[in-house]
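Report on the following structure.
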Amino acid sequence: MSFALLFSGQGTQHPAMLPWLADDEFVRDMRARLGVDDWRAALADPAWAERNDNAQTLLTGLALAAWNQLAPMVPAPDAIAGYSVGELAAFSAAGVIEPATAATLAAQRAGAMDRCAAHAPGGLLAVSGLSEPRLAQLLAETGLAIAIRNGLQSVVLGGPKAALDDAERTALAAGAQCTRLRVGVASHTPWMREAAERFAQTLAGVPFQAPRVLLFSNAQDRIRDAASARTALAAQIATTVRWDECMENVMARQVDCVLELGPGQALARMWNQRYPGVPARACDDFRSAAAIATWLNSRQQN
């Protein structure tokens, strides 16, 4: 059995996420960093849950905890990738950075992005159903950038809020489906360039190792060494997340199945739509770590 491990990004966090997760040292560390006793109760407050610094710290800490609890029950993954902030936990799972380092970097990453957004406010808009020429025209008309590319007709646009309003009206009129994401920063666009530069300076002093597992990046395809890992983690803050290419790279490994680790089922759903012959499940689908391990191990017998 071979499987790929995909770490979720932010935006789908909810109080009931990862119902099987035990309160281990990683969860306790995350709670201490956030100053909360009950992270599920904190997530029930939308204003708290949508704050960039809270979300990035929480999701990275919970992903580290979830993999720590699941890893002893399953073989090592054949490939790993992370979606947006999910790259921090993904790089840790691949052996590039220590878990405690990933947890610390989550807050520093969010802080750099929030400071940048303070003088360049923006947001994100998911758009699907536009042809490539019509999308190019929309970008030219509004000045927005592609923040995330999930497929040929599924993208997330980023930029100033007024331009996002214009793009949403135009796209809806053209028959597209639009969803305004609950974030206050234009992540993965040129408006975050200052944040990427600041985070690169932070990473320069952090110990990195070459990955022990095949690792794919949002910004640089395969990560082979410590230097490329540093560059990729900083670059993705201000450049397009090429998730469609990440999925293609993982599929090229001919894995038997895919597991999404994090809140929701967005990555598993995208994978199943693109590659229906290779099943993907999300950790949020299960009630125990043992059940996840049973599903993964059962693929070995198929």
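The values are calculated or read from the model by the stated rules, or taken from the named source; none is laboratory data. Since the model is a prediction, treat every value here as computed from it, not as a measurement. Glycine also receives a Cβ, built like all others from the backbone with ideal geometry; neighbour counts cover every protein chain displayed. For the accessible areas, the whole protein counts, side chains as well, though only heavy atoms, and no ligand, DNA or RNA atoms are used. Shrake-Rupley method; radii C 1.70, N 1.55, O 1.52, S 1.80 Å.
Grab the beta carbon distance between Ser288 and Arg40, set R0 = 25 Å, and tell me the FRET efficiency rounded to 0.05.
The pair Ser288/Arg40 has a calculated efficiency of 0.90.
How many nm separate the modelled label positions at Ala71 and Gln177, each set 7 Å beyond the Cα in the direction of the Cβ?
With each label placed 7 Å out from Cα toward Cβ, I get 3.6 nm.
What 222 nm value per residue comes from the helices of the chain, counting each DSSP H run with n ≥ 4 as -39,500 (n - 2.57) and dividing by all residues, nearest 500 deg cm²/dmol?
On the way: 13 runs with 140 residues, N = 302.
About -14000 deg cm²/dmol.
Under the rule of at least 5 residues apart or a separate chain, name every residue whose amide H is placed under 5 Å from the amide H of Ala145.
Gly158
Step through the residues of the stretch 52-68 one at a time and calculate ³J(HN,Hα) from phi using the Karplus curve (6.51 cos²θ - 1.76 cosθ + 1.60, θ = phi - 60°), rounding each to whole Hz and writing x for Gly and Pro.
4, 5, 5, 5, 5, 5, 5, 5, 5, x, 5, 5, 4, 5, 4, 5, 4
Report the Rg/Rh value for the stretch 97-248, based on alpha-carbon coordinates and the Kirkwood definition of Rh.
That ratio is 1.01, to two decimals.
Over all alpha-carbon pairs of the chain, lay out the pair-distance distribution in 20 Å bins, whole %, shortest bin first.
So the P(r) values, bin by bin, are 35, 59, 5.
How much of the pair distance distribution for the stretch 21-79 lies past 17 Å, counting alpha-carbon pairs only, in percent?
41 percent
At a Förster radius of 22 Å, what calculated FRET efficiency corresponds to the Cβ-Cβ distance of Arg134 and Ala252, to the nearest 0.05?
0.15
In the neighborhood of Arg269, defined by Cβ-to-Cβ distances under 15 Å, what is the net charge if each Lys or Arg adds +1 and each Asp or Glu adds -1?
Local charge sum for Arg269: -2.
If you average the alpha carbon positions of the stretch 236-290 and of the stretch 159-234, how far apart do those two centres end up, in angstrom?
Computed from Cα coordinates, the inter-centre distance equals 18 Å.
Quick one: order Thr101, Thr57 from most to least accessible surface, probe 1.4 Å.
Greatest to least solvent exposure: Thr101, Thr57.
Could you work out how much longer the chain between Ser298 and Asp24 gets when fully extended? Use 0.36 nm per residue separation minus the Cα distance between them, nm to one decimal.
The span from Ser298 to Asp24 would gain 96.0 nm if fully extended.
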